[in-house]
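J.: For reference, the structure I am asking about is given below.
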Amino acid sequence: AAKKNKGRVSRYLANKCAMASRIDAFADELTDKYGASMRDQVEERLKFFDSGDTPRRNVDVMAAVAAELKAERGDVEMAEAPKSDKKAKKAKKRKHSDAAEEAPPSTEKKKKSKTSKTDADTSEKKAKKKKKSKD
């Protein structure tokens, strides 16, 4: 890597090491497939800094490894790696927000104003004080 990218690469490598240690700590079954895919990602990132080829996204790589591990265990139903489809998610969000905007406003109960009571109470108290002071 070029001198200007060494800091970026070291941070990237440190983040991958941290993720790998968490996976090792919390995984039910020990496997080295996550580590191997992370190593490939680091190498892809180095190529990206040299040539500009875009590396794969971490979400897609981890989903592919998870699907591969499920296929090995025999969970054939879930073997396909889920593809991230941002457009479908955004469309779903838009539908939800549009439905919320079109909904009629809810009828809320109006709170009683305490100011009218307090004004009346203070005027009564003043009148009583005047009577006491006159007596």
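The values are calculated or read from the model by the stated rules, or taken from the named source; none is laboratory data. A quick note: this is a predicted structure, and the numbers were derived from the prediction, not measured. Here the Cβ positions follow ideal geometry from the backbone for every residue, glycine too, while neighbour counts run over all protein chains shown. Areas reflect the complete protein model, heavy atoms only, side chains present, ligands, DNA and RNA absent. Shrake-Rupley method; radii C 1.70, N 1.55, O 1.52, S 1.80 Å.
J.: Which far-off residues, 5 or more places away or on another chain, put their amide H under 5 Å from the one on ARG56, with H placed in the peptide plane?
T.: none
J.: Accessible area per residue, 1.4 Å probe, Å², for segment 3-57: what's the number?
T.: Values: 4240 Å² over 55 residues.
It amounts to 77 Å² per residue over segment 3-57.
J.: Grab the other residues whose beta carbon is less than 12 angstrom from that of ALA20, score K and R as +1, D and E as -1, and report the net.
T.: Net charge in that neighbourhood comes out at +2.
J.: Would you mind putting 126-132, 65-71 in packing order, based on average other-beta-carbon counts within 10 Å, highest first?
T.: Ranked from most to least packed, the peptides come out as 65-71, 126-132.
J.: Which residue, chosen from MET62, TYR12, LEU30, occupies the Cα position most advanced towards the positive end of the dipole of segment 1-77, where the dipole is computed from +1 (Lys, Arg) and -1 (Asp, Glu) charges on Cβ about the Cα centre?
T.: My answer, from the dipole projection, is TYR12.
J.: Can you give the relative contact order of segment 6-77 as a percent, counting alpha carbon pairs under 8 Å and 6+ residues apart?
T.: Values: 28 pairs, mean separation 18.2, N = 72.
Normalised by residue count, the contact order of segment 6-77 is 25 percent.
J.: Treat each spin label as a single point 7 Å out from the Cα along the C-beta direction, and report the ALA66 to LYS95 distance in nm.
T.: With each label point 7 Å from Cα toward Cβ, the separation is 2.3 nm.
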